[in-house]
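See below for the structure under consideration.
The values are calculated or read from the model by the stated rules, or taken from the named source; none is laboratory data. As the structure is a prediction and not an experimental result, all values here were calculated from the model. Glycine gets a Cβ as well: all are built from the backbone with ideal geometry, and neighbour counts include every protein chain shown. Surface areas here come from the heavy atoms of the whole protein model, side chains and all, with no ligands, DNA or RNA. Shrake-Rupley method; radii C 1.70, N 1.55, O 1.52, S 1.80 Å.
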Amino acid sequence: MSATLIGQPLTRLDGRPKVTGIATYAAEFQRPKLAYGALIQSRIANGRVVSIDLSAAKSAPGVIGILTRENAPRFKPYPNDLTKNGAPGESRVPLQDENVYWVGQHLGVVVAETFEQATHAASLVRVQYEPKPPLVSLTDANPIQPEKFIARERLQAKRGDVSGALASAAHKIEVVYSTPIENHNPVETTSTTAEWEAPDRLLIHESTRGIKQLQKIVSTVFGLPSENVHIVCKFVGGAFGAKGFQWSHTLLAAAAAQLVQRTVKITFTRPQMFDSAGQRAHTEQQLSVGADKTGKLVALRHATTTHCSPVSEYTEPCGNMSRMLYSCPNVEVSHKLVRLNLTTPCPMRAPGEAPGVFALECALDELAHKADIDPVEFRLHNYAEFNEYENKPWSNKKLRECYQRAAEKFGWARRNRNPGSMRAPDGSQIGFGMATAIYPAGQQKAGAIAILNKDGTVSVRCATHEIGTGTYTTMSQFAADTLGIPIEKIRFELGDSEFPVAPNNGGSWLTSSVAPAVIGACRDLKKKAVELAGSWPNDSEQLANLFARSGQEQIQAEFNSEPNREEREKFSFFSYGALFVEVHVDLLGQVRVKRAVGVYDMGRMINPRLARSQILGGMLFGFSMALMEETIPDEKIGRIVNANLADYHVLVHADTPEFDIDFINEPDPHMPDLGARGIGEIGIVGAPAAVANAVFNATGRRVRDLPITPDKLI
Ligand code: MOS
């Protein structure tokens, strides 16, 4: 029995299929009788549809049928528990009314023999509207007070007397940070292929990280038993928070397929990824922070205003880490939500934490500077020894070690605290900046089935997802490790709604949720085999004997795992990190991240190679957020003006700094079986603040509204 596979830096098992093109993504499944759908989308941001003229579109070449409100089925409402939780993306099913809430809203589907014909015909559809002026800016609308974010996080929290403590604080800042709308931009655009296998049986190939949720939504809306809706998704070409909410295109593809009695595929164009696939909301965050003479925090107020669409209450929870990241007796966190005529926002990598910790960690830097204390020392001075918001001990927290090790590796001691005092030979200004990273370590219910096949291989199945993070690899590691057999004998299968339940692939909880189920199923399978044969079969003769004795074609075990309630109630679970960056700011105000050092405490490392990739990718995402990313709606008409990758900039390979990423790698004693906590999102958290803080150190300019583009520095 080897315990050696866990912690090994194995290369990803899906690497070869991906680079050789064998891996099949949602848009690539060839199906019989395939037709192509093109969305009819609203060109106004607010108002109602008066009429839709289809005459030109209907007679265009290749057109098979057109779905609009006129001939759409009467969809049933979304499942109540899901709309309450924020997903699906909208609270309203499509094509049941004439209302228009944003530019790009789906008004129908044109189905044709080819994608090009469908796209052309859709361009011939003439819609008459009764327009109303749209609300596009955060300051235009009346805010509401959301109570909860996806039903679990309280958005308003208060302890002590913030105003009183601020009034008498020796050092304080009161500033506003803002972050723009951002889009996920995965390489793979959203795609769905809907196929009615029988009048009441639907097969859907979809790029989704919520297979079971999509199954529930589609079956509810079409009034079908859930087992009659089969969702398949073997690979996801990047998600980053997209592809988790279930948008209306899936329902429209299924309804269009029903209408034309063909299989219908809808694949988004890049511009549609900006108006039909969710995005990160715009945020404005007021930070009021005070410290006493020694630099001890006495007051922290974090008030966020953010936006949603008229048909959802999804709220970017910016203040949640401010409740407990530092020790502070007086804390107030609040969120206000404004409904705008823009497409519905949704989670994007570290929703809430990415923009929220940007504001918090910049504010700490500003206050440390005011108090003339080193930013690392300032954080150590305000270290939270327990979760003061929940009044609970941490499950395990080695953040102090993260600061110390990362500072050492980076050479933080060489930093000159006076802004604008370090220069590179080419004349660029050099800045050193740092920030804390933190992300909740969630865990969900999951199931898995392990099957011993006659050839000695073991199939392990779970309706989970591979969004590029390494699910195939790590789950195979757990299975092989538990069974004590070579990893080559494991066939880990995912991405099929007929497999045992898995949660949505989000919240950085995939490994800690699915691994206990995989371990449990493999443990039980091994027990079964040992009970039947005395030992695990190691050669073909033993295998044959085992199967003869069992009288079955397959020997299998299924296991359902649940988070350990007692532990989860007693302790507070987070992953932590500290990151340090060096930026160079040239004469034109262009910022380049030259070096990045990060040290993370995420419990036991399952596969350090894949973990490093997650952190590195997350940091790049954060640097991109700091310096480039911004979705810009036209203020008058609500149309996104840069809905393409030429005008919406993302960091690329040429922008990649020198990385040094390290892990504390200490098992969390309160994560039974695993010792591991989440790693998927923490990489982005803190990265934008570290850059902004470094830019201040380089230039003396405090840029509080992202992205930090050259116009803000010269
Ligand atoms: Mo994350 S955007 O909560 O999957």
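Quick look at the numbers
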item	result
First in the range 337-353 and within 16 Å of the ligand (Cβ to nearest atom) and among the basic types (Lys, Arg), second anywhere and open to solvent by less than 20 Å² (accessible area, probe 1.4 Å) and in a strand (DSSP E or B), Cβ under 7 Å, 6 or more apart	349/241
Residue match in the range 364-384 (condition: farther than 27 Å from residue 173 by Cα and part of a loop (DSSP other than H, G, I, E, B))	no
Residue check for residue 370: among the charged types (D, E, K, R), touching a residue at least 40 places away in the same chain (Cβ under 8 Å) and crowded, with 16+ Cβ neighbours inside 10 Å	no
Positions within the range 30-76 being under 34 Å from the mean Cα position of the chain (by Cα) and without any contact (Cβ under 8 Å) to a residue 24 or more places away in the chain, in sequence order	30, 74
Of residues in the range 103-123 being in a loop (DSSP other than H, G, I, E, B) and open to solvent by less than 10 Å² (accessible area, probe 1.4 Å), the one nearest to residue 270 (Cα to Cα)	104
Scan of the range 559-590 for residues that are within 26 Å of the chain's Cα centre (by Cα) and of a type in the set (Val, Ile, Thr), ordered by number	581
Count of the range 297-348 residues which are assigned to a loop (DSSP other than H, G, I, E, B) and of a type in the set (Ser, Thr, Tyr)	7
When residues of the range 497-514 are limited to those that are away from the ligand (no atom under 12 Å from the Cβ) and assigned to a loop (DSSP other than H, G, I, E, B), the one surrounded by the fewest Cβ atoms within 10 Å (Cβ to Cβ)	498
Hits in the range 397-426 - residues which are open to solvent by less than 20 Å² (accessible area, probe 1.4 Å) and in a loop (DSSP other than H, G, I, E, B)	411, 424
Residue count, the range 547-567 (criterion: aromatic (Phe, Trp, Tyr) and either part of a loop (DSSP other than H, G, I, E, B) or open to solvent by 20 Å² or more (accessible area, probe 1.4 Å) (or both))	1
Output for the range 177-217, where each listed residue is assigned to a loop (DSSP other than H, G, I, E, B) and either closer than 21 Å to residue 259 by Cα or of a type outside the set (Ser, Thr, Tyr) (or both)	180, 183, 184, 185, 186, 187, 188, 199, 200, 209, 210
Odd one out for residue 229 among (1) over 30 Å from residue 97 (Cβ atoms); (2) of a type in the set (A, V, I, L, M); (3) over 20 Å from the mean Cα position of the chain (by Cα)	(1)
So residue 315, is it within 30 Å of residue 80 (Cβ to Cβ) and either free of Cβ contacts under 8 Å to residues at least 40 places away in the same chain or in contact with a Pro (Cβ under 6 Å, 6 or more places away or on another chain) (or both)	yes
Criterion violated by residue 542 - all others in (1) open to solvent by less than 60 Å² (accessible area, probe 1.4 Å); (2) assigned to a helix (DSSP H, G or I) satisfied	(1)
Search result, residues across the range 247-267 that are part of a loop (DSSP other than H, G, I, E, B) and open to solvent by 10 Å² or more (accessible area, probe 1.4 Å)	247, 261, 262
Inter-residue pairs, beta-carbon under 7 Å, first without any contact (Cβ under 8 Å) to a residue 12 or more places away in the chain and in the range 78-105, second of a type in the set (Gly, Ala, Ser), 6+ apart	83/91
Qualifying positions in the range 299-316 - out of contact with any Ser or Thr (no Cβ under 8 Å at 6 or more places or on another chain) and either surrounded by 22 or more Cβ atoms within 10 Å (Cβ to Cβ) or aliphatic (A, V, I, L, M) (or both)	307
Residue match in the range 49-62 (condition: over 18 Å from residue 268 (Cα atoms), in contact with a Pro (Cβ under 7 Å, 6 or more places away or on another chain), surrounded by 22 or more Cβ atoms within 10 Å (Cβ to Cβ) and not aromatic (Phe, Trp, Tyr))	no
Residue among 296, 234 that alone is open to solvent by 10 Å² or more (accessible area, probe 1.4 Å) and either touching a Gly at 6+ places or on another chain (Cβ under 8 Å) or free of Cβ contacts under 8 Å to residues at least 60 places away in the same chain (or both)	234
Residue count for the range 670-690, restricted to those that are more than 16 Å from the ligand (Cβ to nearest atom) and out of contact with any Leu (no Cβ under 7 Å at 6 or more places or on another chain)	8
Residue within the range 629-645 that is open to solvent by 30 Å² or more (accessible area, probe 1.4 Å), at pLDDT below 95, closer than 30 Å to residue 6 by Cβ and part of a loop (DSSP other than H, G, I, E, B) present	no
Qualifying helices (runs of 4 or more DSSP H) (wholly inside the range 1-102; at least 1 residues being of a type outside the set (A, V, I, L, M, F, W, C) and at pLDDT 95 or above)	15-19, 55-58
Some residue of the range 160-179 being among the acidic types (Asp, Glu) and open to solvent by less than 30 Å² (accessible area, probe 1.4 Å)	no
Members of the range 638-660 that are of a type in the set (D, E, K, R) and in contact with a strand residue (DSSP E or B) (Cβ under 6 Å, 6 or more places away or on another chain)	658, 660
Residues satisfying the stated conditions in the range 225-262, i.e. out of contact with any strand residue (DSSP E or B) (no Cβ under 7 Å at 6 or more places or on another chain) and away from the ligand (no atom under 16 Å from the Cβ)	225, 226, 227, 234, 235, 251, 261
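Rundown of residues vs (1) at pLDDT below 95; (2) within 16 Å of the ligand (Cβ to nearest atom); (3) polar (S, T, N, Q); (4) more than 30 Å from residue 45 (Cα to Cα), yes/no style:
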{"position": "292", "(1), (2), (3), (4)": "no, no, no, yes"}
{"position": "297", "(1), (2), (3), (4)": "no, no, no, yes"}
{"position": "311", "(1), (2), (3), (4)": "yes, no, no, no"}
{"position": "324", "(1), (2), (3), (4)": "no, no, no, yes"}
{"position": "328", "(1), (2), (3), (4)": "no, no, no, yes"}
{"position": "331", "(1), (2), (3), (4)": "no, no, no, yes"}
{"position": "355", "(1), (2), (3), (4)": "no, yes, no, no"}
{"position": "399", "(1), (2), (3), (4)": "no, no, no, yes"}
